[in-house]
Amino acid sequence: MTDEKEREAIGRPLADLLNVAPDERFVAGVMARIEVLPVPGWRGWLRRLEERIPGWLYPELGMAVAAFLVFLAAAFQPIPVSADILLVDRLERSPAPAEGLLPATGTEEELLWWTE
Amino acid sequence: MEEDLELVQQVRAGARQAYAGLVRRHQARVRGYCLGVLGNAADADDAAQEIFLKAYRGLAGFRGGARFSTWLCRIAINHCRDLLRKRAGRREESWDALIEAEGEGLEARTAVPPAGRLSEERRRQLYRLLAALPAGAREVLILREGQGLRYEEIAAVLGCSLDGVKARLKRARQAARERKEARDD
């Protein structure tokens, strides 16, 4: 039997047999079952989370997390005042000493500091 | 294909209703495949619903490497194989066994909305013919003749080579011809 004859004998009747008419009720049936299923993917995961956590909690939660992060950043920030700044400050407040000499005025602590 | 991908993206973005578009576009093919494999309309529609639900659940895993229709068809094939395996325990896989078991009541179960131009008798003969074929032969014959898939698409769906598809199809046609001739005699 040639391919064409075979197609006539089996292929075309099969195509007719399995040619199912579109049915909107079928679509509605699938969609009704899908309505109760979760949305797939990470967006679905977020949506499920949203359903479980009340919506009003989100801003509060976000602010609390932000505040905690600011606190952490502040707590672990290195002290911005360096020894150089202290030195400049000290020089500005003390009378300029003559080259090679100790400052003429100042407390005992300051004198000790200069000699170090 | 573009439209499928667009709809998939919409569903993934949370627009559930976009999935109705996918169901609408592919329902005829999936229901037709299930009808060919399972042999009755009620089971076919139940199975097709399950297949669309499985596809929905697995949509996150659809990467777009293959066409959506190919991916869906693979789900359909696996689902129908599972159903047949379960049926095998109840000896329903054979159409003749089903007729023996249910007799006239079978007519009601096989009442398929006649979309084609086949007579009731002819349709019954074809169902018997399909049911008498080995599962693999039935699958490839339905995909090629019933669904009109190209060889490349069948190869992608069944996960075999192009030559493999041709060989399977040749064997399936031969088996169908032999059974048809045996019945005609």
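What follows is calculated from the coordinates using simple rules that are stated; it is not laboratory data. The structure displayed is predicted, hence computed values, not measured ones. Cβ coordinates were reconstructed from backbone atoms using ideal geometry, including for glycine residues, and neighbour counts include every protein chain displayed.
Things worth noting here:
- Efficiency of FRET from Cβ geometry, residue B:170 and residue B:9, R₀ 41 Å, rounded to 0.05: 0.55
- Among B:10-22, B:58-70, the order from most to least packed when residues are scored by Cβ within 10 Å on average: B:10-22, B:58-70
- Förster radius 35 Å - calculated FRET efficiency between residue B:161 and residue B:181, Cβ distance, rounded to 0.05: 0.70
- The peptide list A:28-37, B:28-37, put in order of mean Cβ contacts within 10 Å with the highest first, becomes B:28-37, A:28-37.
- Theoretical FRET efficiency, 1/(1+(r/R0)^6), r = Cβ-Cβ of residue B:24 and residue A:35, R0 22 Å, to 0.05: 0.85
- Distance from the alpha carbon centroid of the stretch B:39-59 to that of the stretch B:143-185 works out to 23 angstrom.
- Under the combined filter of DSSP loop state and at most 14 neighbouring Cβ atoms within 10 Å, the stretch B:122-185 retains these trypsin sites (Lys or Arg not before Pro): B:150.
- Peptide B:147-157 - average C-beta neighbours from other chains (10 Å radius): 1
- Residue by residue along B:27-38, Cβ atoms of other protein chains within 10 Å of the local Cβ number 4 on average.
- Label-point separation, residue A:63 to residue B:119 (7 Å along Cα→Cβ), nm: 8.0
- Averaged over B:14-20, number of beta-carbon atoms from partner chains that fall within 10 Å: 5
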